[in-house]
Amino acid sequence: MLTTSARLLRLLARLQVPGDHGGPSLAAELGVSVRTVRNDVATLRDLGYPVEASPGVAGGYRLGAGSRLPPLLLDDEEAMAVTLGLVLAASHGLSDTADSSMRAFSKVVALLPSRLRPRLESLAGATVNAPLGRPSVATASLPPIAAAIHAREQLRFGYRDASGTETHREVEPYRLVLRGARWYLLGWDLARDDWRTFRVDRLRVKVPNGRRFRPRPDPEGGFEGFIVRALETAPWQRRYRVRLLAPADVIRARAPVSVAIEPDGEHACIVTVGSDDAAMVAKYLAWWDAPFEVLDAPELLAEVRLLAQRYADASRRRT
């Protein structure tokens, strides 16, 4: 038989699951009578927790929103999910949550059973200190976009492209996407009459929002497929053409969508790689494990020669 305090904690934990919970089912789970459940609900209300009740066969109890935060009671799997989420929040895409996320992580870990702490502490130590090396967004910039998506209201914002030029955009917003530690907005651009993706760190939302809109049919391949294609084929400031001594089918199986591949006979192909950094392309070419020839990019050829010299120098050094 559970003590009153233990029973109240178990009842409170059950009520934290969304939805209505019938008195008989709660009583069966706690091993008490329905009358005891009613008395315990009254006790929780006296303690300040807003337990609501709805009558009828389909009714039951639920925990409403109140002025105080109830104790959060988690099982092992839920505790793992919450703490891992805090680790990710500290290191992925948001500029002002790292410290608060790690403070919350420390508090949660301090309350966990000893059997769970070593796994979570070692995971946090191995993951949260890796720098992103790319722009992140402030937490406050996401709720207005999410609210416009939820309300089906057109979003108006200034958008700064890679060159620093800012344009005015009016978009029907559909999704916020976190990919590669960078936040994107997917929406229908009214001026361009097409689907577009926008980096959130480059947009400046204007208020108020525009008029409401009716949802459009999903883009071809669905939202997820469109986002992957859009991000992998994003416009680059520079494109490099290279001839590889390998069949097009072989290279196509190894290359991402963003790389254009044209057959050049049976045993060779020409690839076009977009990038803002010739040095990165020089390193990237080695992944295809095939002889190659730089066709029309002196800056890429210079980076290839520099990389080759470094490898040659390293091979001559004594070990």
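The values are calculated or read from the model by the stated rules, or taken from the named source; none is laboratory data. As the structure is a computational prediction, the values presented were derived from the model and not from experiment. Heads up, the Cβs are rebuilt from the backbone with ideal geometry, glycines too, and the neighbour counts pull from every protein chain shown. Surface areas here come from the heavy atoms of the whole protein model, side chains and all, with no ligands, DNA or RNA. Shrake-Rupley method; radii C 1.70, N 1.55, O 1.52, S 1.80 Å.
A few comments on the model shown:
- Residues in the stretch 263-289 that are at pLDDT 90 or above, open to solvent by 10 Å² or more (accessible area, probe 1.4 Å) and out of contact with any helix residue (DSSP H, G or I) (no Cβ under 7 Å at 6 or more places or on another chain): D264, G265, E266, H267, I270.
- Flag for G265 being part of a helix (DSSP H, G or I) and either aliphatic (A, V, I, L, M) or out of contact with any strand residue (DSSP E or B) (no Cβ under 8 Å at 6 or more places or on another chain) (or both): no
- Beta carbons closer than 9 Å, at least 6 apart along the sequence or on distinct chains, pair a first residue in the stretch 191-210 that is farther than 15 Å from L178 by Cβ and open to solvent by less than 80 Å² (accessible area, probe 1.4 Å) with a second that is at pLDDT 90 or above and among the polar types (S, T, N, Q) for N209/Q154; G210/Q154.
- Cβ-Cβ distances below 7 Å connect the following pairs, each with a first residue in the stretch 1-29 that is touching a residue at least 40 places away in the same chain (Cβ under 8 Å), a second residue that is open to solvent by 30 Å² or more (accessible area, probe 1.4 Å) and in a helix (DSSP H, G or I), and a separation of six or more residues or different chains: H21/R14.
- Residue-level check: of (1) touching a Leu at 6+ places or on another chain (Cβ under 6 Å); (2) modelled with pLDDT of 90 or more, A181 misses just (2).
- Helices (runs of 4 or more DSSP H) enclosed by the stretch 60-165 - at least 3 residues per element that are under 25 Å from R179 (Cα atoms) and modelled with pLDDT under 70: 76-91, 98-111, 117-127
- Residues of the stretch 175-205 that are charged (D, E, K, R), closer than 16 Å to R156 by Cβ and under 24 Å from the mean Cα position of the chain (by Cα): D189, R196, R202, R204.
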